[in-house]
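Asks: Take a look at this one; I'll ask things after.
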Amino acid sequence: WAGVEPAFASSADPDVPTAVARLRAGGARRVAVASWFLAPGFLPDRVTRLAGEGAIIAPPLGPDPEVAELVLHRYEAALTADLAASA
């Protein structure tokens, strides 16, 4: 393992190409990208494109039943809190 570099798909720094360049400069021959996206779409596609040729890209987390359950739990909690605040 050459290291780990955080990166962002939107306007925050460092962006994906910068993180990949740092890894390569540190001796990484292969790059793997793990994202926190819940579903496929614009940003996951952008990360794949920006990571460059040969990068291994993890799929979005959405199909994982535990992630879906967590999202539903947090939605229900937010809805319950909102209803309680308006009562």
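Asks: When ligands, DNA and RNA are left out and all protein chains stay put, how many square angstrom of accessible area per residue does the chain have with a 1.4 Å probe?
Replies: 78
Asks: Over the chain, what is the mean sequence separation of C-alpha contacts under 8 Å (at least six apart), divided by residue count, expressed as relative contact order in percent?
Replies: RCO, the chain: 24 percent.
Asks: For segment 1-46, what is the charge dipole size about the Cα centre, in debye to the nearest 20, if Lys and Arg each add +1 at the Cβ and Asp and Glu each add -1 at the Cβ?
Replies: 240
Asks: Next question, about the same structure. In a shell of Cβ-Cβ distance under 13 Å around VAL20, excluding VAL20 itself, what net charge do Lys and Arg (+1) and Asp and Glu (-1) give?
Replies: Once all neighbours under 13 Å are counted, the net charge is +2.
Asks: Looking at the chain, which GluC sites (Glu not before Pro) are DSSP coil and have at most 13 other C-beta atoms within 10 Å of their C-beta?
Replies: GLU53
Asks: Follow-up question, since we're still on this one. If I compute semi-axes √(5λ) of the Cα gyration tensor in Å from the structure I just sent, which labelled value in [x] 27, 15, 8; [y] 27, 20, 10; [z] 34, 14, 11 lines up?
Replies: This structure yields the entry labelled [z].
Asks: Using the alpha-carbon atoms, what tilt in degrees (0 to 90, nearest 10) does helix 65-86 show relative to the longest principal axis of the chain?
Replies: Roughly 40 degrees between the two axes.
Asks: Please check the chain for the longest run free of trypsin sites (Lys or Arg not before Pro) that are loop-located per DSSP (anything but H, G, I, E, B) and have at most 12 other Cβ atoms within 10 Å.
Replies: That gives 31-87 as the longest site-free run.
Asks: Where the accessible area of the chain is counted over protein heavy atoms with a 1.4 Å probe, how much of it, in %, is carbon and sulfur?
Replies: That share works out to 61 percent.
The values are calculated or read from the model by the stated rules, or taken from the named source; none is laboratory data. Keep in mind that this is a model prediction, so the values were computed, not measured. Methodologically, a virtual Cβ is constructed for each residue, glycine included, from the backbone with ideal geometry; neighbour enumeration extends over all protein chains shown. Surface accessibility is based on the protein's heavy atoms, side chains included, excluding ligands, DNA and RNA. Shrake-Rupley method; radii C 1.70, N 1.55, O 1.52, S 1.80 Å.
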